[in-house]
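Here, each number is a calculation from the coordinates, and none is a lab measurement. The structure presented is a predicted model; accordingly, all values stated were derived computationally and were not measured. Every residue, glycine among them, receives a Cβ derived from its backbone with ideal geometry; neighbour counts consider all protein chains shown.
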């Protein structure tokens, strides 16, 4: 795998990490009805669940080393949902709150999301520097050969 493709895979992973964290932060207050619990009367009713949209389901990025046999290099990032995706939160004024005044709120840890943004920023900067150094080295080699 070439230096450029390794750095480019890092840039793509950093971009995905930043997009996911931004989405989680933007939707931290997007609540919805509690999913109906099986056999219990404490969850939201099925008519309430179908009338109002569900709470935002937070996402996370899983990043692993990308290796193909004897040629390791690069990274691969995938998006998956956070589990559990919601926590019960008190909001009796919400039209979709259950009889106890509870709604489903996304299980988003804001501190962790800001750490993810910082991680994405520094990963992006590091991979951009690799590309810059590679470009400068290649240019120097071409100047020597000319």
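Brief remarks follow.
- Estimated purely from DSSP H runs of n ≥ 4, each contributing -39500 (n - 2.57), the mean residue ellipticity at 222 nm for the chain is -16000 deg cm²/dmol once divided by its residues.
- Least to most buried among 102, 11 (fewest other Cβ within 10 Å first): 11, 102
- For region 75-127, the calculated P(r), taken from all Cα-Cα distances in 10 Å bins from zero up to the bin holding the longest distance, is 20, 32, 25, 15, 7, 0 percent.
- Residues 25, 6 in ascending order of nearby Cβ atoms (within 10 Å, fewest first): 25, 6.
- Rounded tilt (10° steps) of 110-145 against the dominant C-alpha axis of the chain: 20 degrees
- Most mobile of 118, 55, 13 in a GNM of the chain (Cα contacts under 10 Å): 118
- Ranked 145, 125, criterion: other C-beta atoms within 10 Å, fewest first: 145, 125
- Most mobile listed residue (95, 106, 58) in the chain, GNM with C-alpha springs under 10 Å: 95
- If you run the Gaussian network model on the chain, springs between alpha carbon atoms under 10 Å, then out of 23, 123, 50 the most flexible one is 50.
- Angle of helix 3-26 to the longest C-alpha principal axis of the chain, folded into 0 to 90 degrees and rounded to 10: 20°.
- Cα-only Debye scattering, the chain: base-10 log of I(q)/I(0) at q = 0.14, 0.15, 0.16 Å⁻¹: -0.76, -0.82, -0.87
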